[in-house]
1. Applying a 10 Å radius around every beta-carbon, put 110-116, 121-127 in order of their mean neighbour count, most first.
2. If one computes P(r) from the Cα atoms of the chain, what percent of pairs lie at distances over 21 Å?
3. Residue by residue through segment 97-105, what is 3J(HN,Hα) from phi via Karplus (6.51 cos²θ - 1.76 cosθ + 1.60, θ = phi - 60°)? Round to whole Hz and write x for glycine and proline.
4. Run lengths n ≥ 4 of DSSP H only: what is the helix-derived mean residue ellipticity at 222 nm for the chain, with -39500 (n - 2.57) per run over all residues, to the nearest 500?
5. Among 157-166, 131-140, how do they line up from the highest to the lowest mean number of other beta-carbon atoms within 10 Å?
6. Let's see if you can work this out: charge +1 on each Lys and Arg Cβ, -1 on each Asp and Glu Cβ, no other charges. What is the dipole magnitude of the chain about its Cα centre, in debye to the nearest 20?
7. Rounded to the nearest 0.05, what FRET efficiency is calculated for residue 190 and residue 167 with R0 set to 25 Å and r the Cβ-Cβ distance?
8. With both partners inside the chain, how many of the DSSP beta bridges are antiparallel, as a percent to the nearest 5?
Amino acid sequence: MSRSGSRHAKRKPIGLTERETIVIATEGEKTEPDYFIYLQRKFRRANIEIVPRDYSCSDPMRVLEDLIEYKNNEPLRRNNTKEHWIVIDINGRCSKVIEKVVRKAVCNGLLVADSNPCFELWLLLHRKPLSDYTDDLLKELQQNERIGNRTRLEVELVRICGEYNKSGIRESDFLPYITIAIQNAYTADIKPNSPWILRIGSRVYKLVQSIIDSSP
């Protein structure tokens, strides 16, 4: 598929520290960490470390700064990190905001796994390719407006999975379909070399593929 501080130091990695570690900082407080913990269980030879957070607001720049701080403190803990990733949502944000985050990440040697509009789109790709949707439905999903107490993507996940709770996703709804999700996301990423994803889609597939590759 080739296409060309201190408060953190006490955190223990999910996997085995003697292996190369993939460090992940997520904008989401619950859904994304749960997903990557499940992924660690599935690919036991991978070593995933999730940067802890002590706030609930959704702020990609703050998540990025946490990851930079975490990376700068790593020599105090180990020197076997393979990659550092930030997982963020585009979510209709101004392009200047996303550009600032992405440029700062690149300047600090970090990798970006962005989703447009949000991480739930990556989850949806485990079960459905975007080609199954009409242009009008894709527009609805990208706008992701609230319908009652759920977003449009959450409503779609409920329709497909029977239920969906972002505070406690079910492993069985997504983990068996990882290969499908990677292929669906790869196919939808029509400009893979752009700094961030410009249309509906997700580049979390690049991070997940790296995790799989690190677990031979």
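1. On the way: 110-116: 22.7, 121-127: 24.4.
Highest mean packing first, the order is 121-127, 110-116.
2. Values: 12213 of 23220 pairs.
Value for the chain (Cα pairs over 21 Å): 53 percent.
3. 5, 5, 4, 4, 5, 5, 4, 5, 4
4. On the way: 9 runs with 88 residues, N = 216.
The helix-only estimate for the chain comes to -12000 deg cm²/dmol at 222 nm.
5. Numbers: 157-166: 15.2, 131-140: 11.7.
Going from most to least packed, we get 157-166, 131-140.
6. Working: 35 positive and 30 negative charges, 105 e Å.
So the magnitude is around 500 debye.
7. On the way: r = 33 Å, r/R0 = 1.31.
Efficiency, rounded to the nearest 0.05: 0.15.
8. Working: 4 of 18 bridges.
Just about 20 percent of them are antiparallel.
Read-outs throughout are calculated quantities, based only on the coordinates presented, and are distinct from any laboratory measurement. This one's a predicted model, so the numbers in the text were calculated from it and none came from an experiment. Don't worry about glycine lacking a Cβ; one is built from the backbone with ideal geometry, like all the others, and counts go over all protein chains shown.
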